[in-house]
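A.B. asks: The structure that follows is given in the form of structure tokens.
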Amino acid sequence: MTHPSLSTRDLTIRFGGHTAVNAVTCDFHPGELTVIVGPNGAGKTTYFNMISGQLMPSEGTVEKDGLDLTRMPASTRARHGVGRAFQLTNLFPHLSVLENIRLAVQAQSGDGRRFFTPVTRLTELAAKAERYLEATRLSDRADMPAAALPHGDQRKLEVALLMAMEPDIYMFDEPTAGMSLDHAPDVLDLIAEIKHDHTKTVLLVEHKMDVVRALADRIIVLHNGELIADGDPGEVMSSQIVKDVYLGNAGELT
Amino acid sequence: MNRTMNRTLSVKIIALTVWGLLLFSPFLFQDVRQVEVAARIAVFIVLVASYDLLIGYTGIVSFAHTMFFGFGAYGVAIALKQIGPGWGAWTLGTLSGVAVSIVVAILIGLLSLRVKAIFFAMITLAAASVALVLASQLSQFTGGEDGMIYSAPDLLKPSTKLLTDAEGDVLRIFDVRMNGKIAAYYFVFITCALMFWAMLRIVGSPLGTVLKAIRENEGRAEGIGYRVVAYRTAVFVIAATTAALAGAVYATWLRYTGPDTTLSFAIMIDILLMVVIGGMGTMWGAVIGATLMVLAQYYLRDLMEVASRATEAIPLLPELLSPDRWLLWLGIIFILLVYFFPAGIAGTIIRGRTK
Ligand SMILES: Nc1ncnc2c1ncn2[C@@H]1O[C@H](COP(=O)(O)OP(=O)(O)OP(=O)(O)O)[C@@H](O)[C@H]1O
Ligand SMILES: [Mg+2]
């Protein structure tokens, strides 16, 4: 197998006495889409937060392509190719949809430090932002403030920001949660496209079983902050341990 | 969307009209005091606009803006006083003021911009108090509470004949004497206009969008790859440099520098009021806010004098309108403005009155 693009070693975080993520050791590989499942409060989002830098672990390390990211701020990790979309929509509310996306584009291209060139003159930047607008079907809402978008479109914009970062590692945290059925495929198609690139590493937290079946190359299961199963989707989903975990949460996996 | 653009356009037209009046003010208003007001407006537009970069665009609350203004002013004042009136001394003074501002801004920025906003505000308050104390204590350099009087470089001295007629007297154009005073006014006008233009370029650049992103959602700005503390420090340095330059220009114009013209907290409060009246995060609002405030400070008393006389026959009213109560009325006007223009004048016009 190829070298892992991302790995966590004994990754642990404690909030007071509560261990939210407990010694999770896991490798992720380029071209592989890993779905992370687990009941509410299992620690999935917290695990993501430690990989993309929103939280600093109490113990353990995060590495990308052999580079130790553990103590780096989130912005440095982003520039090293770790991209993240959030479970709770996390946008720039009073900026337009286009500006939101352009911010991610110019962060990636390094244009954010330009302080004297009018934005209007940087046509390449605009063209790239347009591309992601179209990819997420938000073109006709380009000038709206992000806060004025309906929930489904905000979720799409959340994904558009991640796409525009053009990272090596894509982390989606329930990207379709709360989305209507006619919007969800837009997002899922985009994820499928990234997967078909075969060079990107994708981590996806998702509860909807049909989505998991369609996209997953591999499933890992978190429970009470611990990694309790890891493997082929079919095997993991039918294993006794997963059934036990979800027994009290029937209806969670649909 | 079109309506917003029209509204933005009308704000720009108002602001550009102000700039146009400032451009011609020596010809339009020939009274010395009026030109004094025009120069003060130009300088305060720059001061307020640079403060808007911090508070309106990036969401940084600083109370040290007059400190940087003072660094620039004292740099020029000390250099002109100690070395003598010349452009060499002027340049040295300006560059020293700017250099001190940059160093202090970087120190404050890196030490405290990563912590809570309130803590940063306290640090700037402390720094500004120290600067004020130093200015009055180091009186052999700074003139202490009395400040310093000095001469401007020759070109800007009132006695300089800029243009002469056949007899060698100062030439008059439209009845305005082409002397050093007019050179000094246009020196102020041109430097301030250039600085305002530069700040418009900054807010319209990719960096300008990053600043707004930091104000809106600092965590996500960091998450997509912007080192927030570095950007905050950078904009703090830009604003400090601009304030210092504005101070240098104002010190050159006044030919006097003291705590009351540059460093005092009263001016800091004026800047805050101007940015709020104009509209935070609009840049153009600085023009409107600075103009209204300076006009009120200079003319409200006169206006009340007139009003108080005109109402002599009516009981109570002349009392209320007595010029001694101008601060009370300034306060009332301010409250009304905030009530009717909650996002400042420019901000409320652009966004519309709904919400
Ligand atoms: N900043 C924090 N401070 C204290 N406790 C926290 C913090 N962040 C997360 N937790 C706790 O850590 C545990 C894991 O939460 P997390 O959000 O990672 O779960 P999750 O698997 O993403 O759940 P969900 O499916 O509901 O999104 C929860 O018990 C939560 O209360
Ligand atoms: Mg979660």
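A.B. asks: Look through segment B:260-275, keep the residues that are over 11 Å from the mean Cα position of the chain (by Cα) and of a type in the set (V, I, T), and return whichever of them is nearest to B:V37 (Cα to Cα).
C.D. replies: My answer is B:T261.
A.B. asks: Out of B:S62, B:S25, I need the residue that is small (G, A, S) and assigned to a helix (DSSP H, G or I). Which one?
C.D. replies: That would be B:S25, the only listed residue that is small (G, A, S) and assigned to a helix (DSSP H, G or I).
A.B. asks: If we only count helices (runs of 4 or more DSSP H) wholly inside segment B:277-341, which ones have 1 or more residues that are closer than 27 Å to B:V32 by Cα and not acidic (D, E)?
C.D. replies: Output list reads B:284-310, B:326-340.
A.B. asks: Mind listing whichever residues of segment A:61-95 are part of a strand (DSSP E or B) and either at pLDDT below 95 or within 16 Å of ligand 2 (Cβ to nearest atom) (or both)?
C.D. replies: Correct list: A:R84 only.
A.B. asks: Then there's this: Can you work out which of the residues in segment A:77-96 that are closer than 14 Å to B:N217 by Cα and out of contact with any strand residue (DSSP E or B) (no Cβ under 8 Å at 6 or more places or on another chain) is most open to solvent (accessible area, probe 1.4 Å)?
C.D. replies: A:L88
Conditions tested, residue by residue: (1) surrounded by 13 or more Cβ atoms within 10 Å (Cβ to Cβ); (2) under 20 Å from B:V35 (Cα atoms); (3) of a type in the set (F, W, Y); (4) in contact with a Gly (Cβ under 8 Å, 6 or more places away or on another chain).
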{"site": "B:A128", "(1), (2), (3), (4)": "yes, no, no, no"}
{"site": "B:V133", "(1), (2), (3), (4)": "no, no, no, no"}
{"site": "B:G147", "(1), (2), (3), (4)": "yes, no, no, yes"}
{"site": "B:L162", "(1), (2), (3), (4)": "yes, yes, no, yes"}
{"site": "B:G168", "(1), (2), (3), (4)": "no, no, no, no"}
{"site": "B:R177", "(1), (2), (3), (4)": "yes, yes, no, no"}
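A.B. asks: Go through (1) crowded, with 18+ Cβ neighbours inside 10 Å; (2) within 16 Å of ligand 1 (Cβ to nearest atom); (3) not in a loop (DSSP other than H, G, I, E, B) and name the single condition A:R14 misses.
C.D. replies: Failed condition: (1).
A.B. asks: Out of the strands (runs of 3 or more DSSP E) lying entirely within segment A:154-254, which hold 2 or more residues that are surrounded by 21 or more Cβ atoms within 10 Å (Cβ to Cβ) and either within 14 Å of chain B (Cβ to nearest Cβ) or within 15 Å of ligand 1 (Cβ to nearest atom) (or both)?
C.D. replies: A:169-173, A:201-205, A:218-223
A.B. asks: Please enumerate the residues belonging to segment A:30-60 that are more than 19 Å from A:V236 (Cα to Cα), within 13 Å of ligand 1 (Cβ to nearest atom) and part of a loop (DSSP other than H, G, I, E, B).
C.D. replies: A:G41, A:Q54, A:L55, A:M56, A:P57, A:S58, listed by residue number.
A.B. asks: Only residues that are among the β-branched types (V, I, T) and within 16 Å of ligand 2 (Cβ to nearest atom): list them for segment A:160-188, please.
C.D. replies: A:T176
A.B. asks: How do the pairs read when you match residues in segment B:104-119 that are more than 13 Å from B:V61 (Cβ to Cβ) with residues anywhere that are open to solvent by 100 Å² or more (accessible area, probe 1.4 Å) and part of a loop (DSSP other than H, G, I, E, B), using Cβ under 7 Å and keeping only pairs 6 or more apart or on different chains?
C.D. replies: Filtered contacts from segment B:104-119: no entries.
A.B. asks: For segment B:342-355, name all the residues that are small (G, A, S) and assigned to a helix (DSSP H, G or I).
C.D. replies: B:G344, B:A346, B:G347
A.B. asks: Based on this model, can you work out whether B:A152 counts as buried (at least 17 other Cβ atoms within 10 Å of the Cβ) and either outside any helix (DSSP H, G or I) or free of Cβ contacts under 8 Å to residues at least 60 places away in the same chain (or both)?
C.D. replies: yes
A.B. asks: Step by step: first the residues of segment B:276-291, then only those that are small (G, A, S) and more than 13 Å from the chain's Cα centre (by Cα), then the one that is least open to solvent (accessible area, probe 1.4 Å). Which residue is that?
C.D. replies: B:G279
A.B. asks: What pairs can you find where one residue is in segment A:36-48 and open to solvent by less than 10 Å² (accessible area, probe 1.4 Å), the other is within 9 Å of ligand 2 (Cβ to nearest atom), and their Cβ atoms are less than 6 Å apart, with a gap of 6+ or different chains?
C.D. replies: Listed by first residue and then by second, the contacts come to A:I36/A:K44; A:I36/A:V205; A:G38/A:K44; A:F48/A:D173.
A.B. asks: Restricting the search to segment A:31-41, which residues are at pLDDT 95 or above and within 11 Å of ligand 2 (Cβ to nearest atom)?
C.D. replies: If the condition is that a residue be at pLDDT 95 or above and within 11 Å of ligand 2 (Cβ to nearest atom), then A:I36 is the only one that fits.
A.B. asks: Are any of the residues in segment A:112-135 surrounded by 18 or more Cβ atoms within 10 Å (Cβ to Cβ), in a helix (DSSP H, G or I) and within 16 Å of ligand 1 (Cβ to nearest atom)?
C.D. replies: No, segment A:112-135 contains no residue that is surrounded by 18 or more Cβ atoms within 10 Å (Cβ to Cβ), in a helix (DSSP H, G or I) and within 16 Å of ligand 1 (Cβ to nearest atom).
A.B. asks: What single numbered condition from (1) within 26 Å of B:M148 (Cβ to Cβ); (2) open to solvent by less than 60 Å² (accessible area, probe 1.4 Å) fails to hold for B:Q82?
C.D. replies: Just one mismatch for B:Q82, condition (2).
A.B. asks: Also, quick follow-up: For segment B:187-228, which residues satisfy the criterion of being open to solvent by 40 Å² or more (accessible area, probe 1.4 Å), in contact with a Ser or Thr (Cβ under 7 Å, 6 or more places away or on another chain) and facing chain A (nearest Cβ under 7 Å)?
C.D. replies: Listed by number, the list holds a single entry, B:R227.
A.B. asks: Taking A:D143 and the conditions (1) away from ligand 2 (no atom under 16 Å from the Cβ); (2) charged (D, E, K, R); (3) closer than 23 Å to A:G112 by Cα; (4) in a helix (DSSP H, G or I), which numbered condition does it fall short on, given that it satisfies the others?
C.D. replies: Unmet for A:D143, out of (1) away from ligand 2 (no atom under 16 Å from the Cβ); (2) charged (D, E, K, R); (3) closer than 23 Å to A:G112 by Cα; (4) in a helix (DSSP H, G or I): (4).
A.B. asks: Among the candidates A:D143, A:D173, single out the residue that is assigned by TED's automatic domain parsing to the domain that holds A:G112 and in contact with a strand residue (DSSP E or B) (Cβ under 8 Å, 6 or more places away or on another chain).
C.D. replies: The conditions single out A:D143.
A.B. asks: Could you list, in sequence order, all residues of segment B:229-250 that are open to solvent by 20 Å² or more (accessible area, probe 1.4 Å), over 16 Å from B:A49 (Cβ atoms) and of a type in the set (S, T, Y)?
C.D. replies: Once the filter is applied, which keeps residues that are open to solvent by 20 Å² or more (accessible area, probe 1.4 Å), over 16 Å from B:A49 (Cβ atoms) and of a type in the set (S, T, Y), segment B:229-250 yields only B:Y231.
The values are calculated or read from the model by the stated rules, or taken from the named source; none is laboratory data. Note that the coordinates shown come from a computational prediction; the quantities given were computed from them, not determined experimentally. Positions of Cβ are generated from backbone atoms using ideal geometry, with glycine treated the same way; all protein chains shown enter the neighbour counts. To get the accessible areas, we keep the full protein, side chains included, count just its heavy atoms, and leave off ligands, DNA and RNA. Shrake-Rupley method; radii C 1.70, N 1.55, O 1.52, S 1.80 Å.
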